[in-house]
Amino acid sequence: MQKHDIQNRDDVHLLVSEFYKKVRKDAVLGPFFNPIIKDWDEHINRLTSFWETSLFLTKKLEHKYYGNPLEVHVKVDKENNHSIIELHFGIWLNLWFATIDELFEGDIAENAKRRARKMGTFLYLNIFQARIK
């Protein structure tokens with residue numbers, strides 16, 4: 001299969017959809033996501049908007065993300081007895097990278113990896129900080 005770079009919302013939607021197929025099946029991550037997310041189509045669309053906004057900051061987008069990912073992840077950690085650890089972020093990142101590498105290549109694909117690494121670090125640190133408040 002000839003790969004191309006991530007170019008538009010359809011590409012981002014494909015990436016997010018294929019990524020969450022892996023997450024849902026994962027023995028470690030699945031138990032965090034599967035019981036919480038009731039409407040997977042809506043979740044995929046929301047995360048597609050998140051990643052589209054993150055990757056195409058300078059484009060005028062029809063769907064822009066305005067949520068607060070940190071607040072959501074702190075809540076999930078709390079609901080799971082503060083059991084999210086660095087292992088979860090490592091698996092998440094590995095699945096994200098693998099999905100990108102299977103589907104895409106190019107500057108934006110590499111940027112999606114960098115942004116995920118930064119976001120994972122940010123969430124990881126702030127989830128732990130929220131535990132001591």
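Overview of results
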| read-out | value |
| --- | --- |
| Ranking of Trp40, Trp51 by count of other Cβ atoms within 10 Å, fewest first | Trp40, Trp51 |
| Calculated FRET value between Asp5 and Leu57, using beta carbons and R₀ = 25 Å, to 0.05 | 0.95 |
| Within segment 86-105: backbone nitrogen closer than 20 Å to the Thr121 label point (7 Å, Cα to C-beta) | 86-98 |
| Highest-fluctuation residue, Asp107, Asp39, Asp77 considered, GNM on the chain with Cα pairs under 10 Å | Asp39 |
| Highest-fluctuation residue, Asn81, Asn45, Asn111 considered, GNM on the chain with Cα pairs under 10 Å | Asn81 |
| Förster radius 25 Å - calculated FRET efficiency between Ile85 and Glu105 (Cβ-Cβ, nearest 0.05) | 0.20 |
| At R0 = 22 Å, FRET efficiency that the Cβ-Cβ distance of Phe128 and Arg24 yields, to 0.05 | 0.30 |
| Over 19 Å [Cα-Cα, the chain], rounded percent | 51 percent |
| Cα centre as origin, Lys/Arg/Asp/Glu Cβ charges: the chain dipole, Debye | 460 debye |
| Top positive-direction residue, dipole computed over segment 9-131 with Cβ charges, set Phe104, Ile44, Gly67 | Gly67 |
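Read the figures in this text as sums done on the coordinates, not as results from a lab. It should be emphasised that the depicted structure is a prediction, and the values quoted were computed from it without experimental measurement. With ideal geometry, Cβ positions are generated from the backbone for all residues, glycine too; neighbour counts draw on all protein chains shown.
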